[in-house]
Structures are given as structure tokens and as C-alpha cells.
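Let me begin by presenting the structure, written as C-alpha cells, before commenting on it.
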Amino acid sequence: MVAGNPGAGKSTIALAVALKSQQPTLYFSMDSHASTMAIRSLAMITGLPQRECEERMALDQTWASDLLAQYAGHISWCFDSNPSLYDVEDEIEIYREMKGSDPVLIVVDNATDVTHDDGDEFGSLRSLMRECKSWARETNATFLILHHTSESYGSNPCPPRSALHGKVAQVPSLVLTVSSDVAGSMAVASVKNRYGSADSSGQTAIWMRFQPESMLLEDMPHG
């Protein structure tokens, strides 16, 4: 799970993992539609600003489609803005039927957009966590789930684990909280790690270069 306030860079992390891993991926993009994700992907692939990618894509669709096929062809997308748990399960089954195998990575962006019959937001979150745990065991896929933190908690430099909406930190093996309050950079803190070190306060973080306009996310240069 990667959690943070709106605009902190959660979706950038998810897209970077999906693109750079080059593993068969099923990507649920509830917050952003197809053209937005195409532009973001092109920016991350080329290093060009998103506005320039959008303009070039409009003028030369072959350029865009060739790059996306080459570098993002391993990603299958679902752009349903409010899927139910049953819809998510159906998409996993459809992927298996079409590809003949399970995805290696499943991205859920983001958790609060998956609906449940009872209409209870926190109940829906808990149900999603339970189902993702079950689907992960069934498919052997890694689930990367994006989630919100409460803005009433400060970032020092990252939100604490207690800031997660719905208190759903029990299930994920790894929970990272992120903040991009410092211009040109992103702080990432491990607030839960079943297999390694963690600091639930969010005060122990690593820093990365982050430029949203070009979807740049990379390690800080030494020195």
C-alpha cells in the first residue's frame, strides 16, 4: 500500500513501478481516464513535459502508439471509475482468460473508489483488503494499492501509519506513506514492513527527485 494526501505522488509511484518493472500488469485506474494515463506514460517514457506529450500525441498518433506499445504494452487497463468488488474480480478473470495466465502485478488506484453493496466506506475498504489478500494468494500476483491519508495529520516528513483512512494497515505486508511538500522532491517512509524495518511515525524517510510535470521520479544523485 502507498498512501498519502492528494497530489503527493502516489499515482506516479504506481505508474513508475508498472512501467519500469516490465511485468504483466493489470492496472485499475479509477481516478484518471485513458488519455491522461497515456500522456503520463509518454512523459515518463520520454522525459518530456506532459503538456508537450499531449500536443505531440494530438499531432502524431503513430509516435504515441508506437512508444506505448513498446514500453507499456505489458499493461492491461481498466478505467471503470467506481468498480465493485465483483467488477474487480471479473477483470482478473477476464485477464486470465485473454492472456492465458495471471498478471504479475495488479494496481488499484485507488482503494476508496472500489464500491461495496452496503455503501459503508470503511466497511468497503476492509472488504477490499480481505479480497485482495485472497486474490493475491489465488493468482500469486503482487497487489499495489493506493490509498488516502487524513489531511488532519501532519507530514514529518511523511504521514504516520495512523493517518490511513479506515485504519486498514493490518493486511498489507508493506505500507509506505509519501509526501511531496518540498519542491522537486518526494519523501517516502516505510510505516509498516512485515519483513524489514519500519517507523510508524513517518519520520524515517528516503528522498527522491520528483517533477510532476514530466512524471520524473528517480533516486537522488549522490552528494
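One Cα centroid belongs to segment 1-76, the other to segment 160-201; the line between them spans 24 Å.
Assuming a viscosity of 1.002 mPa s and a temperature of 20 °C, what translational diffusion coefficient in µm² per second does Stokes-Einstein assign to segment 1-127, Rh being the Kirkwood radius over Cα pairs? Calculated translational D: 137 µm²/s. How many lysine pairs in the chain, separated by 8 or more positions in sequence or lying on different chains, have Cα atoms less than 18 Å apart? The result is 5. Annotation: MET98 carries an accessible surface of approximately 150 Å², with a 1.4 Å probe and no ligand, DNA or RNA atoms counted. Can you send over the carbon and sulfur percentage of the accessible area for segment 34-133, probe radius 1.4 Å, protein chains only? It is 47 percent, rounded to a whole number.
For segment 135-223, run through the trypsin sites (Lys or Arg not before Pro) and keep only the ones in DSSP coil with at most 13 other Cβ atoms within 10 Å of their Cβ.
On the way: sites: ARG137, ARG161, LYS167, LYS192, ARG194, ARG209; in loops: ARG194.
Filter output for segment 135-223: ARG194.
When averaged across all projection directions, what area in nm² does the alpha-carbon convex hull of segment 105-198 cover? Show your work: numbers first, answer last.
Details: hull surface 27.6 nm².
Its Cα hull, projected and averaged over all orientations, spans 6.9 nm².
Normalised by the number of residues in the chain, the mean separation of alpha-carbon contacts (under 8 Å, six or more apart) gives a relative contact order of 25 percent.
Length available on full extension from ILE94 to ASP60: 0.36 nm per residue minus the Cα-Cα distance, which gives 9.1 nm. Computed over protein heavy atoms with a 1.4 Å probe, the accessible surface of the chain works out to 50 Å² per residue.
The H on the amide N of ILE145, modeled in the peptide plane, is under 5 Å from the matching H of VAL2, VAL108, each at least 5 residues off or on a different chain. Based on Cα contacts under 8 Å between residues 6+ apart, segment 158-223 shows a relative contact order of 28 percent.
Our coupling estimate for segment 70-77, obtained by passing each phi through the Karplus curve with A = 6.51, B = -1.76, C = 1.60 and θ = phi - 60°, is 6, 9, 10, x, 7, 9, 9, 10 Hz, Gly and Pro reported as x. Note on PHE79: accessible area approximately 80 square angstrom, rounded to 10, probe 1.4 Å, nucleic acids and ligands left out.
The values are calculated or read from the model by the stated rules, or taken from the named source; none is laboratory data. Computed from a predicted structure; not experimentally measured. We place every Cβ from the backbone using ideal geometry, glycine too, and count neighbours over all the protein chains shown. To get the accessible areas, we keep the full protein, side chains included, count just its heavy atoms, and leave off ligands, DNA and RNA. Shrake-Rupley method; radii C 1.70, N 1.55, O 1.52, S 1.80 Å.
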